[in-house]
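Trainee: First, the structure itself, so that you have it in front of you.
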Amino acid sequence: MDVSQYLEIFIDETKEHLQTLSEQLMILEQEPKNEESINEIFRAAHSLKGMAGTMGFKRMQHLTHMMENAFSEVRSGNLNVTEDLVDILFQCLDALEAYLDLIMDSADEGTEDNEAIITRLNNFMSGGSNAPAPVAKAEEPKKEEKPEGGSPNTKNIKLADFEIHAINEALEKGLNVYTFTVYVDENCILKAARAFLVFKAIEELGEIIKSNPSVQDIEDEKFDLSFDLFIISGESIDKVKAAIENVSEIKGTESNKISEKISNGVITEEKPKQEEVKETVPATTSNVPEKPKTAQAPANKTSGKPVVNRTVRVDIEKLDVLMNLVSELIIAKNGLVSVSATEGNGENSQSFNEQIEYLERVTTNLHESVMKVRMMPIETVTQKFPKMIRDLSKKLEKQMKLTITGEDTELDRTVIDEIGDPLQHLLRNSADHGLESSELRAERGKDPVGSIVLNAYQDGNNVVIEVGDDGNGIDVEKVRDKALEKGNITPEQAETMTDKEVIDLLFKPSFSTAKKVTDVSGRGVGLDVVKTKIESLGGDIEVKTELGEGSTFIIRLPLTLAIIQALMVEVGNEKYAISLGSIQTIEDVEKTEIKYVHQKEVINLRGSVIPIIRLHEVLDIEKADEEADTLTVVIIKKGDRQAGLLIDRLIGQQEIVIKSLGKYIANSSKLISGATILGDGEVALIIDANTLV
Amino acid sequence: MDNNKTEYNSVQYIVVNLGDEQYGIDIKYVDNIVRLQKITRVPKAQNFFNGVINLRGEIIPVMSVRKRFGLEADIFTDKTRIIVIKPEQQEAIGILVDVVKEVVTLKEDQIEKVYADGNDEKSKFITAVGKSHDNLISLMNINGVLDFQTL
């Protein structure tokens, strides 16, 4: 069966299910009795198993099957949720993620069987549950590996206790139990495929509780020309028979109806098992109230996954096209605005202006809507962090808790895709370097459980993400010593550097202050990578720290990458745009207020000394006329540093569409971050103020 | 048969003037020919770039072939044109020429290869010379002209 076309869907859905599993396991760890979580986990594991099976990922299927078993035990009360169990299950999740990674890379699940985990899980179940449980485990309907040497005659098939119970249970409920022997045509080439179709056909009508040979063997074509099935169904025997014989290359069936309860002496021991079957009923009926048939339970369970948001998957390229069209529209609108500005005064100008304002409102709204379509909540990235912190907590033997706030803050999809790794790195950093060990914390009078906080919020045209901890903070002196030792700075520099400059050293390549290299962090690639990544997204990062109190990394990202609000300025007779995000204020400064410090021009603005940058010089523009007495200075900021850009004339604020300058033009200084098209069709360059501060 | 063969091997060139010399540009690279418009200077760019223009909403860099070839600076007249070139798999770029003259069809036997002198960086710009109506046309090697790596 060619399933490659479903691979993408499989990967997406598997991701979702793994996420659900991870979330619910976290909940379960806190509240071991939370039935809702248990059911949710069971469903997710079950769906995963089914999907992996359909796609032919046997190992993945096996592992999820074991997880499903464990949860059916938990559900039936045979197994208590303990920390150890959650640990093993998290290991299973990791293994499943590893499978998924492999599948994403190569469309193959690889050869890792994860026997160790499965064995642990098995041992756990046999140790933690009542005696019959482990046997029953291996006998779960879908996949028992029981050595079954009996003849194909259904009467001789040995039923496991719980299977007998399931049958009895069904009979009590007035459902029909049939045995079928299905004969496959001897010329059939793909016997397993035909068997699969038979299974599918039956699952629509009822439940297969037992097959001989096992499902696994049938899928592997380890059967002759016939196989036997025990089926529970609400439908008549003829209907089931017809459904099976409807599958092509099926030669025929032999069927039998079991109408009497199978009795034996093991019933009492199997009590919990009975409960399992019973419990399926309410879970299913709540999903499909109009079909309260027990027999339909397994089929419905598969579709009973948690209700997902009503969404349509849209190719990001289509959104890009839409975005480009909006950009065009905004350019056209800017054109009309500039025409109306130059040719005012006419009789019609008032209504013309009204229409333009209307158009402006529409384009702005359209732009916002398209932007919103591209937006995703940061939750999609942060949801994997609780588990990561939990793992780290175990690995580092430190107690810590992660608090995430503002996870509904939205960011552009392209940014979301890229921001995960840097955030993960910062969190690891906090866990490893930031937080002290529990003993030390207790000594210092802090809560022994370290706190890591991830907070996201929108601030104007930026989104700010803060990653902080209440650990030791950055020891500036230690960093200084380390930098000296490593030769990053000279002793003279060390003398004169401010604390802030020292902390900035942390963002330099190959600078790790971790005393010992752990596999969590401290391999020398670190904050510099984070910084590079964030800058490539048009954002920046800074750090605030207080020795003994903790440190906070503050990431600032632009809300959008394509359209920004900018201040248009004129220098000489050229027009430039400066992103409004980096502008603090605009000041009129008397020529005489410019002072010199170390041969550099500065102004003293309300107590802070700000260096002056003459844009003419930076941009190689000839200064034409005599300098006026009052100068216009645009104060820009980057973090807490400021600079004043000396310009000739202000044009005004405008919404601009950022276009790339292309690859041909060398732009080594990165001074020009792009170009934009003005209303009159002229091109203006965008100055990246961050490179000037 | 013969006819087919000659047609197959003929190439159309746009003939332009740069000073007194005639240059040919393979028509398959030419996306557009536009009149001179306001070129926005880009600070700190390579000296042979005049800047960028807006071509129907796209930002296109404009290069002076004269400066690239080491000729004297451009004199802008109303005959000056920007030829927008779109090489395969690459971004479009505009080049400034004095005059666009005509389109000629050159057959294989009208084209003579010029062998590159490895020491002369400029020799990669012109790889062949075409003969048409007693005129000699230097045929530009677009990939060479746009190869900025060796600079």
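Just so it is clear, none of the values below were taken in a lab; they were calculated from the coordinates. Here the structure is a predicted model, which is why all the values come from computation and not from measurement. Heads up, the Cβs are rebuilt from the backbone with ideal geometry, glycines too, and the neighbour counts pull from every protein chain shown.
Trainee: If contacts are Cα pairs under 8 angstrom and at least 6 residues apart, what is the relative contact order of region A:316-376 in percent?
Mentor: On the way: 23 pairs, mean separation 35.2, N = 61.
Computed over region A:316-376, the figure is 58 percent.
Trainee: Can you pick out the pairs among A:Lys663/B:Lys86; A:Lys58/A:Lys222; B:Lys79/B:Lys131 whose Cα atoms lie more than 20 Å from each other? Write down the numbers at each step before the final one.
Mentor: Numbers: A:Lys663/B:Lys86 13 Å; A:Lys58/A:Lys222 15 Å; B:Lys79/B:Lys131 24 Å.
In this structure, B:Lys79/B:Lys131 lie more than 20 Å apart at Cα.
Trainee: Cross-link partners among aspartates and glutamates for A:Lys200, C-alpha distance below 13 Å, same-chain residues fewer than 8 apart left out?
Mentor: Answer for A:Lys200, where 13 Å is the Cα cut-off: A:Glu219, A:Glu245, listed by chain and number.
Trainee: Moving on to the next point. Relative to the Cα centre, what is the charge dipole magnitude of region A:563-691, using +1 at the beta carbon of each Lys and Arg, -1 at the beta carbon of each Asp and Glu, and rounding to the nearest 20 debye? Walk me through the intermediate numbers first.
Mentor: On the way: 14 positive and 20 negative charges, 151 e Å.
In total the dipole reaches around 720 debye.
Trainee: So, one more: If amide H atoms are built 1.01 Å from N in the plane of the peptide, which residues on other chains or at least 5 residues away come under 5 Å of the amide H of A:Leu631?
Mentor: Amide H to amide H, under 5 Å and 5 or more residues apart or across chains, A:Leu631 pairs with A:Val589, A:Glu590, A:Lys591.
Trainee: With a sphere of radius 10 Å drawn around the Cβ of A:Ile330, what net charge do the other residues whose Cβ falls strictly inside it have (Lys, Arg +1; Asp, Glu -1)?
Mentor: On the way: positive: A:Lys333; negative: A:Glu328, A:Glu360, A:Glu655.
Around A:Ile330, the surrounding residues sum to -2.
Trainee: If the reach is capped at under 17 angstrom between alpha carbons, list the aspartates and glutamates near A:Lys544, excluding any in the same chain fewer than eight residues apart.
Mentor: Partners found: A:Glu466, A:Asp469, A:Asp470, A:Asp475, A:Glu477, A:Asp499, A:Glu501, A:Asp504, A:Asp528, A:Asp640.
Trainee: Taking other Cβ within 10 Å of each residue's Cβ, how do A:Met323, B:Met63, A:Met104 sort, fewest first?
Mentor: Values: A:Met323 21, B:Met63 24, A:Met104 13.
By the 10 Å Cβ count, ascending, the order reads A:Met104, A:Met323, B:Met63.
Trainee: Here's something else I'd like to know. How far, in nm, would the chain grow between A:Asp220 and A:Glu368 when pulled straight, counting 0.36 nm per residue and subtracting the alpha carbon separation? Let's see the in-between values first.
Mentor: Details: separation 148, 0.36 × 148 = 53.28 nm, distance 5.41 nm.
Extending this stretch completely gives an extra 47.9 nm.
Trainee: Report, by chain and number, residues whose modeled amide H sits under 5 Å from the one on B:Asn50, excluding near sequence neighbours (fewer than 5 apart, same chain).
Mentor: B:Val62, B:Met63, B:Ser64
Trainee: Using amide H atoms built 1.01 Å from N in the peptide plane, name the residues 5+ places from A:Gly450, or on other chains, whose amide H lies under 5 Å from its own.
Mentor: A:Gln399, A:Met400, A:Lys401
Trainee: Starting with the fewest neighbours, write out B:Phe76, B:Phe148, A:Phe90 ranked by other beta-carbon atoms found within 10 Å of each beta-carbon. Before the final figure, lay out the partial values.
Mentor: Details: B:Phe76 12, B:Phe148 15, A:Phe90 19.
In order of increasing Cβ crowding within 10 Å: B:Phe76, B:Phe148, A:Phe90.
Trainee: Rounded to whole Hz and in sequence order, give me ³J(HN,Hα) for region B:98-115 from the Karplus expression 6.51 cos²θ - 1.76 cosθ + 1.60, θ = phi - 60°, writing x for Gly and Pro.
Mentor: 5, 9, 9, 8, 6, 10, 10, 10, 10, 8, 3, 6, 8, 10, 10, 5, 10, 7
Trainee: Going by how many other beta carbons lie within 10 Å of each one, how would you line up A:Leu229, B:Leu139, A:Leu547, A:Leu619, fewest first? It would help to have the intermediate numbers written out before the result.
Mentor: Working: A:Leu229 26, B:Leu139 23, A:Leu547 14, A:Leu619 19.
Result, fewest neighbours first: A:Leu547, A:Leu619, B:Leu139, A:Leu229.
Trainee: Evaluate the Debye formula for region A:378-558 with equal point scatterers sitting on the alpha carbons, no solvent, and hand back log10 of I(q)/I(0) at q = 0.14 Å⁻¹, in q order, two decimals.
Mentor: Scattering profile of region A:378-558, log10 relative to I(0): -0.77.
Trainee: Which trypsin sites (Lys or Arg not before Pro) from region A:181-265 combine a DSSP loop assignment with at most 16 other Cβ atoms within 10 Å? Provide the component values of the computation, followed by the final result.
Mentor: Values: sites: A:Lys191, A:Arg194, A:Lys200, A:Lys210, A:Lys222, A:Lys239, A:Lys241, A:Lys251, A:Lys257, A:Lys261; in loops: A:Lys222, A:Lys261.
In loop regions of region A:181-265 (DSSP not H, G, I, E or B), the sparsely surrounded trypsin sites (Lys or Arg not before Pro) are A:Lys222, A:Lys261.
Trainee: Anything over 19 Å Cα to Cα? Flag those among A:Lys394/A:Lys533; A:Lys575/A:Lys623; A:Lys318/A:Lys372; B:Lys44/B:Lys67, in the order listed.
Mentor: Numbers: A:Lys394/A:Lys533 29 Å; A:Lys575/A:Lys623 14 Å; A:Lys318/A:Lys372 14 Å; B:Lys44/B:Lys67 16 Å.
Check vs 19 Å cut-off fails for A:Lys394/A:Lys533.
Trainee: Also, quick follow-up: I want to make sure I understand the PRE zone here: with the label point 7 angstrom from the Cα of A:Tyr457 toward its beta carbon, which residues in region A:390-429 have backbone N atoms less than 19 Å away?
Mentor: Zone members listed by number: A:403-411.
Trainee: Per-residue HN-Hα couplings for region B:77-88, Karplus 6.51 cos²θ - 1.76 cosθ + 1.60 at θ = phi - 60°, whole Hz, x for Gly and Pro?
Mentor: Calculated HN-Hα couplings, in order: 10, 7, 9, 5, 10, 10, 8, 8, 10, 10, x, 4 Hz.
Trainee: Which of the GluC sites (Glu not before Pro) found in region A:591-693 are in a DSSP loop and have at most 11 neighbouring Cβ atoms, other than their own, within 10 Å? Numbers along the way, then the final one.
Mentor: On the way: sites: A:Glu593, A:Glu601, A:Glu617, A:Glu622, A:Glu626, A:Glu627, A:Glu655, A:Glu682; in loops: A:Glu622, A:Glu626, A:Glu627, A:Glu682.
For GluC sites (Glu not before Pro) across region A:591-693 that sit outside H, G, I, E and B with at most 11 neighbouring Cβ atoms in 10 Å, the list reads A:Glu622, A:Glu626, A:Glu627.
Trainee: Could you work out the helix-only [θ] at 222 nm for chain B, with each DSSP H run of four or more residues adding -39,500 (n - 2.57) and the total divided by the number of residues, to the nearest 500 deg cm²/dmol? Could the numbers behind the result be given before it?
Mentor: Working: 3 runs with 16 residues, N = 151.
Helices in chain B give a 222 nm mean residue ellipticity of -2000 deg cm²/dmol.
Trainee: So what are the ³J(HN,Hα) numbers for region A:589-598, from phi and the Karplus equation (6.51, -1.76, 1.60; θ = phi - 60°), rounded to whole Hz, Gly and Pro as x?
Mentor: Each residue's phi maps through the Karplus curve to give 10, 5, 4, 6, 7, 6, 10, 10, 10, 6 Hz.
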